[in-house]
Amino acid sequence: MLKILEILSVLSNFLHILPTLLFFKPPGDEEKSSLGMMLQRTATKHGNRTAIIFEDKVLTWKEFNHLSNRYAHCLKKRGVKRGDCVAVFMENRTEFLCLVIALSKIGATASLINTSLVKKSLIHCISITDSVRCVFGEELQNAIIEIKDDLPLQDSDFLWVPDNSIKNNKPSWAEDLNSTLPQQPTENLEETRDIRGGEIALYIFTSGTTGLPKPAIIYQRRIMSAHPPYSKLGFHATASDRMYICLPLYHITGLLLGACTCFYTGSSMFLRRRFSARHFWPEVQKYNTTLFIYVGELCRYLTVQEKCSDEKNNPIRSMLGNGLRPDIWDHFRNRFGVKRITEIYGASESNVSFLNFFNKDYTIGTGIVATMLVEYDIDLDRIVLDDQGRPVKVADGKTGLLLGRIDDKFLYDGYKNEEASSTKVLKNVKETGDRWFNTGDLIRRVDVGFAMGMPHYQFIDRVGDTFRWRSENVSTNEVSEILNAYPQIDMSNVYGVEIPGTEGRAGMAAITMRGHDPINLLNLTEYVDKNLASYARPVFLRMQSEQKTNQTFKFVKGQLRKEAYHLGRIDQPVYVRMPNSTHYEILSEDLYQKVLNKEAGF
C-alpha cells in the first residue's frame, strides 16, 4: 500500500511539472527578456496585491514598481546608462530590491557586495567589476568611509541611501540618492522593453580557490530561465502565497531563488534584514508566510531551539533551498510539519543544477544537464586519471567529483575574469574536444525509490581550498593571505573542520611563527576582527614548527583535516574562539569536551 501511495505521489508531481517541461522555452541572448520586464508584468497583473512587507511597511506590486521606476530615473539623472555596472552595498531592505530592479530597467548591471566585507576584500569587489558608481546604505557607511580613498571613484560617484532604522549623518562627500526621489516619474521606462537576454543583470560574488571573491556573471536570460522551474516545480508557488526571506539578498539563494520567485509569480514577501531563530515562528504566524527560502544552517538552528507555541500548526507548506543535511531532515519535517521540501543544488557560476521536484527525502534531486561523477583523491587534491589521462568514473553509489557537460544548450557563463573562468573547465574528458564544468563538489547517486527513472543525488562535501561556514563560502587562500600579514605569523595553512551539531566546516589555521615570542592572542583577535568578515574568522588555531607541502609546494591539508582540533592527535598547542567570545584561548580538555558534546554553542 505504501509503495502504491509513493508511486501515486510521484505521478502527481510529474503531472504538475509536465506543462512547464513541455511548454517552457528559455530565452536566448537576443530575445527581449529581463528582470525589469518580469516585474512590470507582475505589477500589471497583481498591482493591488501586497508585494513586500518590511519592518511593518507594506507596498503593493504597483507601489513597488513605481518606487523602482523612481530609483531608475534617479540613477539615470546621475549618469548611469545601459551597460554600466553599479556596486550595491546594502543590507536586506526594500530599497535594495528596488535598486536591483531599477538597474535592470536601465540595462545596467548590479554588482551585489557582501555586507560582511571590509577593507581589502571590499575594495577588491567594488573595483574588479569596473563599477562606475557605488550605492551604499546608511547602515554600512562606516565600511565605505574606511576605504573610500582607495577606490577608483570620485566623490560624486558615491550614492548614499538613508536607513529609517538609524540616524547617521550623511558623509559630506556622498550624494543622497533619495533627495530627489519624490519628484521622479513613476511610469515604466521605455528602454526597459529593449533589454535583451544576453545582457548582464548581476554580478554575484563567490569565493573560489584563488583568494579574493570572484564575480560570477548572471545574464538576464539565466534569471528568466530559472523561475519557471524553481517557482512552479519547486515551490509550487502562486500569487496567494507569501515567502519568508531572511537570507542575504547579495547571494543567489536569497535573491534569485527567493525574491525573484515572488517577482515571477506575484507571491508576496516578508523580508527580514537577517535571520533570528527567536523571532522566526512568531513572524511566520503573524504574517502568514506559506513559503520559506532556506539554507541548511537555518534549519539546524530552528531544530535546536526550545519548542514554542507558534511553531505548531504553522502555515509554511513549502520550502526550497540547499544544505539541509540528512541527519536533521526528518526531525525538521516532522517537528514543523512542512509537507514539501525542495532541496536544490547549483552555484552562481555553474551550468549544473539539480532540483528535488519529486519531494524525495535526503536528496538534492535530479537535473537534465549531462553529468559525470569521477574519482577524486582528497589527500592529493586531484582527479584520478586512467592510463589515457582521462578522469575515472566512479561506480554507482560511490562518491565522486561532479562534472557538468558544457554545450550550446547548457552554457557556462563563468566569471567576469576569463582566466578565472577557464580554471573551472576540463577538456577532453570523455572524448576529444568536449568541455566539462568542474563543480568542485563531491556528490553521490542515491536510490530514492520510484522516480520516473530519473537519477537522484546527494551532496557530500566540497573539495579543494573552499569550505562553507555560516551559510558563506570561505576561501582558504584569502584568509591565509590576511593572517600571513600579521607581524608574528610567518605562514598559515587554512582549512575547514567539522564541529558536531553544526552545518558546514569551521575555519582552522595551522600557524608557524616568526621568532620565539609567544603569540599575543588579544592583538591577534583584534587584527582578525578588523580584517576578516565574521564567517571567515578561524575558530581554531594550531601552532606548528613547520608547514608540510607536497611535490608542487602546495600545502598538505588532508592530514590536518583528519587531526582537526582533536587533542589526542596533536602535540602542539591548539587555541579556540568560543561563540560570542572576544578572544582566542587555549583549547582545554574541558572546552574540547563541550565542543564534542554539542554544548559549546556553535
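For a straight C-alpha distance cut-off of 13 angstrom, the aspartates and glutamates reachable from K548 (same-chain residues fewer than eight places away being disregarded) are D379. Potential lengthening of the chain between E190 and L522 amounts to 113.8 nm, from the contour at 0.36 nm per residue minus the alpha-carbon distance. Summary value for the chain: 11 percent relative contact order, contacts being C-alpha pairs under 8 angstrom separated by 6+ residues.
For segment 467-596, averaging the sequence separation of C-alpha pairs within contact (under 8 Å, six or more residues apart) and dividing by the residue count gives a relative contact order of 22 percent.
Here the contact order of segment 220-315, divided by its residue count and restricted to Cα pairs under 8 Å and six or more residues apart, works out to 31 percent.
Only beta bridges with both residues in the chain are counted; by DSSP, about 60 percent of them are antiparallel.
Taking Cβ atoms as reference points and 15 Å as the exclusive limit, the residues near H46 contribute a net charge of +3, counting Lys and Arg as +1 and Asp and Glu as -1. What's the center-to-center distance, using Cα atoms, between segment 379-423 and segment 175-201 in Å? For segment 379-423 versus segment 175-201, the Cα centre distance is 40 Å.
Within straight cross-link reach of K77, meaning Cα distance under 19 Å, which aspartates and glutamates are found once same-chain residues fewer than 8 apart are removed? By straight Cα distance, K77 reaches E95, D155, D157, E175, D176, E187, E190, E191. With the convex hull constructed from alpha-carbon coordinates only, the chain shows a mean projected area of 28.6 nm² over all directions.
Charged neighbours of E63, selected by a Cβ distance under 12 Å, balance to +4 (K, R count +1; D, E count -1). Segment 230-251 and segment 458-529 have their alpha-carbon centroids 34 Å apart. For segment 380-501, the Cα gyration tensor yields ellipsoid semi-axes of 30, 21, 15 Å (square root of five times each eigenvalue, largest first, whole Å). My understanding is that a pair violates if its Cα-Cα distance is over 19 Å; which of K120/K530; K119/K530; K416/K557; K119/K424; K312/K339; K286/K360 do that in this structure? From K120/K530; K119/K530; K416/K557; K119/K424; K312/K339; K286/K360, over 19 Å: K416/K557; K119/K424; K286/K360. For the peptides 28-40, 144-156, 498-510, the ranking by mean Cβ contacts within 10 Å, running from highest to lowest, is 498-510, 28-40, 144-156.
The Cα trace of segment 435-512 gives Rg and Dmax of 17.2, 60 Å, the first to one decimal, the second as a whole number. Under 23 Å Cα to Cα from K598, which lysines show up? Leave out anything in the same chain fewer than 8 places away. Reachable lysines: K307, K562. Where the alpha-carbon atoms of segment 145-246 are placed on the principal axes, they occupy 49, 45, 32 Å, in descending order. Find out how many positive minus negative residues lie around L212, taking Lys and Arg as positive, Asp and Glu as negative, among other residues whose Cβ is under 12 Å from that of L212. Cβ neighbours under 12 Å give a net charge of +1. Rounded, prolate or oblate: pick one for segment 467-596, where a ≥ b ≥ c are the square roots of the eigenvalues of its C-alpha gyration tensor, a/c under 1.5 means rounded, and failing that, prolate if a/b is larger than b/c, else oblate. Since a/c stays below 1.5, the shape of segment 467-596 is classed as rounded. Per the Debye calculation on segment 58-146 with a single equal scatterer at every Cα and no solvent contribution, log₁₀ I(q)/I(0) for q = 0.11, 0.19, 0.25 Å⁻¹ amounts to -0.30, -0.85, -1.26. Here the label points at E306 and E146, each 7 Å from Cα along the C-beta direction, are separated by 3.6 nm in the simple model. When Rg and Dmax are taken over the Cα atoms of segment 2-274, they come to 19.1, 69 Å.
Read the figures in this text as sums done on the coordinates, not as results from a lab. Predicted, not measured: the structure shown is a model, and the values here were computed from it. Positions of Cβ are backbone-derived with ideal geometry, glycine not excepted, and every protein chain shown enters the neighbour counts.
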